[in-house]
1. Ranked from highest to lowest mean number of other Cβ atoms within 10 Å per residue, what is the order of the peptides 107-117, 159-169, 187-197?
2. Using alpha carbons only, how many degrees (0 to 90, rounded to 10) separate the axis of helix 171-185 from the longest principal axis of the chain?
3. Could you identify which residue out of Leu58, Leu23, Leu41 has the top mean-square fluctuation in a GNM of the chain using Cα springs shorter than 10 Å?
4. One-quarter of the Cα convex hull surface for the chain, in nm²?
5. Ignoring everything except DSSP H segments at least 4 long, calculate the 222 nm mean residue ellipticity for the chain; use -39,500 (n - 2.57) per segment, divide by total residues, nearest 500.
6. Keeping every protein chain present and rolling a 1.4 Å probe, give me the accessible area per residue for the chain in Å².
7. Which value in Å is the Kirkwood Rh of segment 93-211 over different Cα pairs?
8. Find out how many positive minus negative residues lie around Ser109, taking Lys and Arg as positive, Asp and Glu as negative, among other residues whose Cβ is under 12 Å from that of Ser109.
Amino acid sequence: NLIKISKSKISENETFCAAAILLYLKENGIDVAATFIDQGLKKFPDSVFLNRFKGVVLMMEAEQSGTRSREFDIVPFFQKLNLVEEAVEYFKKALDLANTGSWPRLVKSQLGLALYNTLIVLRRGKMQNIDDLKFLQKIESEIDMSDLSSDERKNKLIIDASLKLEQERNYHEAFVLFENFLSEFSPKYEDIKGIAKKFFQHGSPEFAVKI
């Protein structure tokens, strides 16, 4: 029972530490979870779980610190991009550690997705291309979509469509991605109207009418 174990003892055991972090994150106890993560990383710096959790908490803190979006934005701008940049580094480390160990493909796909999505958010926030686009493409190519949950696939399709529509102005590829989204997830009519409106606002009325 984790409740009966002192916090110092929990931080000395990687498994207990990871379990405690999950418990507090589910209860929205981000500050306590962050404390366990930092304590755990001092003892287990090469822990896949703890590095992953650190990236997750940094992204949660970045979101809590404030986002802004215009009416036609799909992905919001994060105000504190330094937290997003830090999260990228922790997700990178977690993925590198998983790739050098005998970790299940599922874990690698989930880590790859977390890193990919965070890089897209960073790229969006900086309003410029990521320097190493080949690295981004490599990360995406190693994500096995069959490993992902329905919500994870949904989020990736939205992120990908946002990248094509908002950043690259590649209307055709964005349209194909949104078609896949509509086909797989059958969103509400209001959501479909919203997607069509995004195309119109981003300068593609011809694809807007096709949605």
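The values are calculated or read from the model by the stated rules, or taken from the named source; none is laboratory data. This one's a predicted model, so the numbers in the text were calculated from it and none came from an experiment. Neighbour counts are summed over all protein chains in view; Cβ atoms, including those assigned to glycine, are modelled from backbone coordinates with ideal geometry. Ligands, DNA and RNA are excluded from the accessible area calculation, which covers all protein heavy atoms including side chains. Shrake-Rupley method; radii C 1.70, N 1.55, O 1.52, S 1.80 Å.
1. On the way: 107-117: 22.3, 159-169: 18.7, 187-197: 13.1.
My ranking of the peptides, most packed first, is 107-117, 159-169, 187-197.
2. 60 degrees
3. So, out of Leu58, Leu23, Leu41, the one fluctuating most is Leu23.
4. Details: hull surface 51.2 nm².
In nm², the orientation-averaged hull projection of the chain is 12.8.
5. Numbers: 11 runs with 145 residues, N = 211.
Only helices count here, giving -22000 deg cm²/dmol.
6. On the way: 11590 Å² over 211 residues.
With all protein chains present, the chain gives 55 Å² per residue.
7. Values: mean 1/r = 0.0650 Å⁻¹.
Hydrodynamic radius (Kirkwood, Cα only) of segment 93-211 equals 15.4 Å.
8. Numbers: positive: Arg105, Lys108, Arg153, Lys156; negative: Glu140, Glu142, Asp144, Asp147, Glu152.
Its environment carries a net charge of -1.
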